[in-house]
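Every read-out reported here was derived from the displayed coordinates using simple, explicitly stated rules and does not represent laboratory data. Computed from a predicted model, the values in this text were never measured in an experiment. Here the Cβ positions follow ideal geometry from the backbone for every residue, glycine too, while neighbour counts run over all protein chains shown.
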2 protein chains.
Amino acid sequence: MPAKVTPRSVDYSRWYTDVVQMADLADYAPVRGCMVIKPYGYALWENIKEGLDRRFKATGHVNAYFPLFIPLSFIQKEAEHVKGFSPELAIVTIGGGEQLEEPLVVRPTSETIIGHMYAKWVQSYRDLPILINQWANVVRWEMRTRLFLRTTEFLWQEGHTAHATAEEALEETLRILDIYAEFAIEDAAIPVIKGRKSESERFAGAVTSYTIEAMMGDKRALQAGTSHFLGQNFARAFDIKFLDQNNELQYAWTTSWGVSTRMVGAVVMVHGDDQGLILPPKLAPIQVVVVPIWRDEEQRTAVMEAVGRVRQALEPEVRLKVDDREGLSPGWKFNDWEMRGVPLRIEVGPQDVAQEQVVLARRDRPGKEGKTSVPMAGLTDAVREMLMTVQADLYRRALAFREANTFYPEDFEGLREAVANGFAYAWWCGDAACEAKVKEETTATIRCIPLEQEPGTGRCVVCGRESRERAVFARAY
Amino acid sequence: MPAKVTPRSVDYSRWYTDVVQMADLADYAPVRGCMVIKPYGYALWENIKEGLDRRFKATGHVNAYFPLFIPLSFIQKEAEHVKGFSPELAIVTIGGGEQLEEPLVVRPTSETIIGHMYAKWVQSYRDLPILINQWANVVRWEMRTRLFLRTTEFLWQEGHTAHATAEEALEETLRILDIYAEFAIEDAAIPVIKGRKSESERFAGAVTSYTIEAMMGDKRALQAGTSHFLGQNFARAFDIKFLDQNNELQYAWTTSWGVSTRMVGAVVMVHGDDQGLILPPKLAPIQVVVVPIWRDEEQRTAVMEAVGRVRQALEPEVRLKVDDREGLSPGWKFNDWEMRGVPLRIEVGPQDVAQEQVVLARRDRPGKEGKTSVPMAGLTDAVREMLMTVQADLYRRALAFREANTFYPEDFEGLREAVANGFAYAWWCGDAACEAKVKEETTATIRCIPLEQEPGTGRCVVCGRESRERAVFARAY
């Protein structure tokens, strides 16, 4: 038997770390707070990248690459930005054996250096919009780190756009938020709440930050992507100016937005169970694993012949793995692939061969309930359909879980209980003092003010003042 | 008229820099020696990545990601390695506002940190081989930098494999060299010489380094990819040990290999001309550009209708761009797309519409010679075929150029003349002193000892001693 993960009910945090390591997603690096993304984890990240990159390109964005190093003085140009990022910087002071005249920051995010370049590239309204995305590594010196969720170095995409008007920039910010939500829902099978960050939680230098927030398996929230309307803050700091159609000099309006390897952690925590990972078919590096079952040579020949036909039928259609490893029992292999979260297993035994069928076993429904016998004749269609069903069911299950753990408290006591058990949709007056009180007394924060709000007003769950919006309060990663 | 590049005959080096900037491939960054890869240049790099990544995966390699930061002590563990890389290191000394106890090196290459991880992952022969590749940024503090060819930070892939036997590792080293050569020839249309590096030119820490060497438009050589057999050097330094089938503890045998954004510079210099870039169709971000030609509204309607049909026919088949920009003359657009090296232009004018045809113009054959009229009916096939022809012709032209500028000197005077005018295939005794003398007197270096050698022996071009191999001498980037 392969080793088992700590059950979620015993210690959720250890369960998470166990799964990430035992499913071969990542390993600790010999550098504080850094991780090694192992091939299986990186293949998952490649599928996440592909799903996002395709959507960015379909909406007119292009990729580019800006330098890793940023002169320290750049970071200091935008007042809020420097306040937010200064404590987290990694700084290069020596290059080629010599002390550098100006220290270089290892990018924690690239608004500043990209702002500098845009100032150079933009002269006229004809040069706008600029719709650039970058796939890159970034570094933030974090105190407490966790594989994928918070690491000193992480991988991400960061989009940086510049526009002629505020309206256009805001539209872009929200278009990206929609792309993030669509990706989370459709590809990662993760339900998300689209919303606006409160002032205290917004990106350092932004006018407004938008976010998609998801509920993890322990009912905590995870910010899975953010999109920022930067107004003219960075344009002023870096002098991104253009002549408009009336020949007047204007500052540009910019946005920035990012999704990181954190998304891998979200996939683990939303779908996984005590057997290990459960991957949504659209992102799974291996969608279907075939396990041959036989006892003697005669059976083996017949089974492997059938497995060959299964491979031939499915290989062009799905990401397939045939597990023909020697010296391991079928049961051991079942556990091994369950740990890795492969959505669908095909078992091929002597009886199946005799009946010209195979057994499909769903990873998301362990035990007999998730097993069906399928004739070899219609296998390809059956597998394709089953993968779609699994994808849809994973989303439905995650949504049902979130809904079952979402509460609508009307007073502070209700809020306190709600955030101990999940998400709280609660009226909030907009006052940072009320927000701070919640955080202090419950450790929960405002995850977002949802964009979709039922009309009406209510009383702030903290101070009782009339409020026009509900916020989502939750304990968060 | 768009601005023009400096002619190659006037100043090749300025021509190169002009093309890179005016074709929008890259721009200088505000950090010494760094560049910004602009969207058009990055799209080219994405196609290079795709061509290599596909070949790596088809030969059983997987991608992973290792940390950017390497403890300084790691670099010091392999004696040759530290000697080679020490002068080029960028070093982080401050993290999160505090002086670090152990400085961190920004990876110049990842043998050391990956060696450390492999030591952790490998216990038994069953854990081998490990066939991992990484797409990443690396930093080497270079004194004299040039866009794409030599920059402080660059993008690359670095493969790192570990094997149970020397034979297997050497086989891997050469398999990758073959992949690099195949990619260069088939995708980049660049003829390359596969060969072994001399001792003085090999990778710091390698037993043997292999390379693919290409001739640029100024007859200098460019190392376009390297594959290193590392023997047990890094396995010993990092303690990568395994129990073999006889239950005996052995050190593993490792390899490493890389191709970088330098390849973009090679594409520019091998194919470009005084009009700008010429891109091989397989790598071109835009393979076909359509330029509508009209004088009045009536013509415009008819032309744009035809352009619509061209788009519909070609868009699923090729990477297509319709240049319907207003206020720019067709001639201006021709020049603009020639600068960017788009392999094929389709002109659609009123006369073409009347005759149900279009004009195809090849970027690699400027003027009338490269123009043909093609009926709308068979357009897709004609375009597909023409792109294949252009791809093949670019390779043939580059090969003919190299052959015309390759010489076989028999004595030192002949060598001196040869390396002033191209590549010299010359007998070499293997003595580093002879190699050093050539470098000192001509600035040419041994680019490689070609793997393919005609049998026989000759007299060393420097000292006259009997020699068993010819080396390729050339001035190089």
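Listing for the model above:
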{"quantity": "Neighbour-limited loop hits for GluC sites (Glu not before Pro), the range B:334-400 (at most 13 other Cβ within 10 Å; DSSP other than H, G, I, E, B)", "calculated": "B:Glu356"}
{"quantity": "Label 7 Å beyond Cα on the Cβ vector: A:Arg459 copy-to-copy distances, nm", "calculated": "10.8"}
{"quantity": "Ranked list, fewest to most other Cβ atoms within 10 Å of each Cβ, for A:His61, A:His160", "calculated": "A:His61, A:His160"}
{"quantity": "Amide proton proximity set for A:Val358, modelled H, under 5 Å, gap of 5+", "calculated": "A:Val374, A:Met376"}
{"quantity": "Lysines whose Cα lies under 18 Å from that of B:Lys219, excluding same-chain neighbours fewer than 8 positions away", "calculated": "B:Lys194, B:Lys439"}
{"quantity": "Close Lys-Lys pairs in the range A:1-142, where close means Cα under 23 Å and separation is 8 or more or interchain", "calculated": "4"}
{"quantity": "Least to most buried among A:Ile75, B:Ile446 (fewest other Cβ within 10 Å first)", "calculated": "A:Ile75, B:Ile446"}
{"quantity": "Computed [θ] at 222 nm, helices only, for chain B once each DSSP H run of length n ≥ 4 contributes -39500 (n - 2.57)", "calculated": "-11000 deg cm²/dmol"}
{"quantity": "Rounded to whole Hz, the Karplus (6.51, -1.76, 1.60) HN-Hα couplings of the range A:156-173, x for glycine and proline", "calculated": "7, 10, 10, x, 9, 10, 10, 9, 7, 10, 4, 4, 5, 5, 5, 4, 4, 3"}
{"quantity": "Label spacing, shortest first and in nm, from A:Glu297 to its equivalents in the remaining copies (7 angstrom along Cα→Cβ)", "calculated": "8.7"}
{"quantity": "Likely footprinting exposure, B:Cys448, B:Cys434, fewest C-beta neighbours within 10 Å first", "calculated": "B:Cys434, B:Cys448"}
{"quantity": "Qualifying GluC sites (Glu not before Pro) for the range A:195-282 [loop in DSSP, other Cβ within 10 Å: at most 13]", "calculated": "A:Glu248"}
{"quantity": "Euclidean distance of C-alpha centroids, the range A:172-188 and the range B:54-101, integer Å", "calculated": "35 Å"}
{"quantity": "The range B:12-271 - convex hull of the alpha-carbon atoms, volume per residue in Å³", "calculated": "133 Å³"}
{"quantity": "Spin-label model distance (nm) - A:Arg126 vs A:Glu297, 7 Å beyond Cα toward Cβ", "calculated": "8.0 nm"}
{"quantity": "Rounded tilt (10° steps) of A:262-271 against the dominant C-alpha axis of chain A", "calculated": "50 degrees"}
{"quantity": "Positive dipole terminus of the protein assembly as shown, leading residue within A:Ala418, A:Met263, B:Val438 (C-beta point charges)", "calculated": "B:Val438"}
{"quantity": "Helix axis angle, B:379-404 relative to chain B longest principal axis, alpha carbon, degrees", "calculated": "50 degrees"}
{"quantity": "Span per principal axis, largest first, for the Cα atoms of the range B:220-288 (Å)", "calculated": "64, 27, 15"}
{"quantity": "More than 44 Å apart - percent of Cα-Cα pairs taken over chain B", "calculated": "22 percent"}
{"quantity": "Fully extended contour minus Cα-Cα distance, from B:Gln76 to B:Asn421, at 0.36 nm per residue", "calculated": "120.1 nm"}
{"quantity": "Dimensionless Rg/Rh of the range B:288-389 - Kirkwood Rh, Rg from C-alpha atoms", "calculated": "0.92"}
{"quantity": "Two-decimal Rg/Rh across the range B:1-144, once Rg and the Kirkwood Rh are taken from alpha-carbon atoms", "calculated": "1.06"}
{"quantity": "Full-stretch length increase - A:Glu466, A:Arg325 - with 0.36 nm per residue and alpha-carbon distance subtracted", "calculated": "44.2 nm"}
{"quantity": "Label point distance in nm, B:Asp274-B:Thr165, each placed 7 Å from Cα along Cα→Cβ", "calculated": "5.8 nm"}
